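Colleague: Please see the structure below; I have some questions.
The values are calculated or read from the model by the stated rules, or taken from the named source; none is laboratory data. Note that the structure is a prediction, hence the values are computed from the model and not measured. Glycine also receives a Cβ, built like all others from the backbone with ideal geometry; neighbour counts cover every protein chain displayed. For accessibility, only protein heavy atoms count, side chains too; no ligands or nucleic acids. Shrake-Rupley method; radii C 1.70, N 1.55, O 1.52, S 1.80 Å.
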Amino acid sequence: MVMKQYRVMIVDDHPLMRRGIKQLLGLDARFGVVAEAGNGSEAVALALQHTPDVILLDLNMKGMSGLDTLRALRDEGVDARIIVLTVSDARSDLYALIDAGADGYLLKDSEPEQLLEHISTAAEGQNVISDAMADYLLARGEQRDPFAALTERELDVLQEVARGLSNKQVAAQLHISEETVKVHIRNILRKLDVRSRVAATVMYLEHKSQ
């Protein structure tokens, strides 16, 4: 049986940190680095060019922050697993990044073996949070508005879907590709924890009527 290799892009404005992460990933045959970006705008362009499976994203970067970069990636329809790799253990940063569509939040001071395992778990489709941060999410409670996790573009798509438009019609209305619409809808269903666009529409209409 051939082991699947995940295509990884590293986004960090420190060349030394990028090199260290690349060397760490090189120890595991499950990962292959296909691109490196030193800033947010470069990250968006390279993600669209290389379509990585996993993006390791620094939070505190010059120019576009990690949060702005994450939003830009999701707005462009990038459906890679995006894992924030940062030194920040602030709960406000954790909440903001998870709400914006991050699939993981890992601290850079994690043990290398644990870091690799977390990245692998995220690549396989599960959300990952460093142990030191997990309690923050538990303490947040179940009362959070699920629509707060949607990006502006995802809300735009959901609004058009709720009007009864097809993917093709939504694409024309928002001047994006039909494939991008499909990516947004997949993200919307995942974030709202529903299985169909009909269920998402019902949730949206109920939310709007409150």
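Colleague: Considering only region 163-185, state which residues are on the phi > 0 side of the Ramachandran plot and open to solvent by 80 Å² or more (accessible area, probe 1.4 Å).
Modeller: The one that is on the phi > 0 side of the Ramachandran plot and open to solvent by 80 Å² or more (accessible area, probe 1.4 Å): 175.
Colleague: Moving on. Quick check on residue 119: is it at pLDDT 90 or above, more than 30 Å from residue 208 (Cβ to Cβ) and crowded, with 16+ Cβ neighbours inside 10 Å?
Modeller: The answer is yes for residue 119.
Colleague: Among the helices (runs of 4 or more DSSP H) confined wholly to region 110-210, which include 2 or more residues that are in contact (Cβ under 8 Å) with a residue 12 or more places away in the chain and over 22 Å from residue 84 (Cβ atoms)?
Modeller: Ranges flagged: 152-162, 167-174, 178-192, 197-209.
Colleague: Right, next: Just to verify a result, which residue in region 73-92, among those that are part of a loop (DSSP other than H, G, I, E, B) and among the β-branched types (Val, Ile, Thr), is most open to solvent (accessible area, probe 1.4 Å)?
Modeller: For region 73-92, the residue satisfying everything is 87.
Colleague: When only residues in region 153-210 that are closer than 24 Å to residue 51 by Cα and among the small types (Gly, Ala, Ser) count, which is nearest to the chain's Cα centre (by Cα)?
Modeller: 177
Here's the yes/no breakdown for (1) acidic (Asp, Glu); (2) farther than 16 Å from residue 100 by Cα:
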residue	(1), (2)
113	yes, yes
150	no, no
153	no, no
157	no, no
177	no, yes
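Colleague: Same structure, new question: Considering region 62-72 alone, what residues qualify as being touching a Gly at 6+ places or on another chain (Cβ under 7 Å) and open to solvent by 20 Å² or more (accessible area, probe 1.4 Å)?
Modeller: Across region 62-72, the qualifying residues are 63, 64, 68, 72.
Colleague: Same structure, new question: Identify all residues within region 43-81 that are among the charged types (D, E, K, R), closer than 21 Å to residue 118 by Cα and within 12 Å of the chain's Cα centre (by Cα); write none if there are none.
Modeller: Those that are among the charged types (D, E, K, R), closer than 21 Å to residue 118 by Cα and within 12 Å of the chain's Cα centre (by Cα): 53, 79, 81.
Colleague: Out of the residues in region 93-116 that are hydroxyl-bearing (Ser, Thr, Tyr) and under 22 Å from residue 154 (Cα atoms), state the one that is surrounded by the most Cβ atoms within 10 Å (Cβ to Cβ).
Modeller: Only one residue fits best here, namely 105.
Colleague: How about region 13-60: which of its residues are open to solvent by less than 70 Å² (accessible area, probe 1.4 Å), in a loop (DSSP other than H, G, I, E, B) and not basic (Lys, Arg)?
Modeller: Across region 13-60, the qualifying residues are 13, 26, 28, 38, 39, 52, 53, 58, 59.
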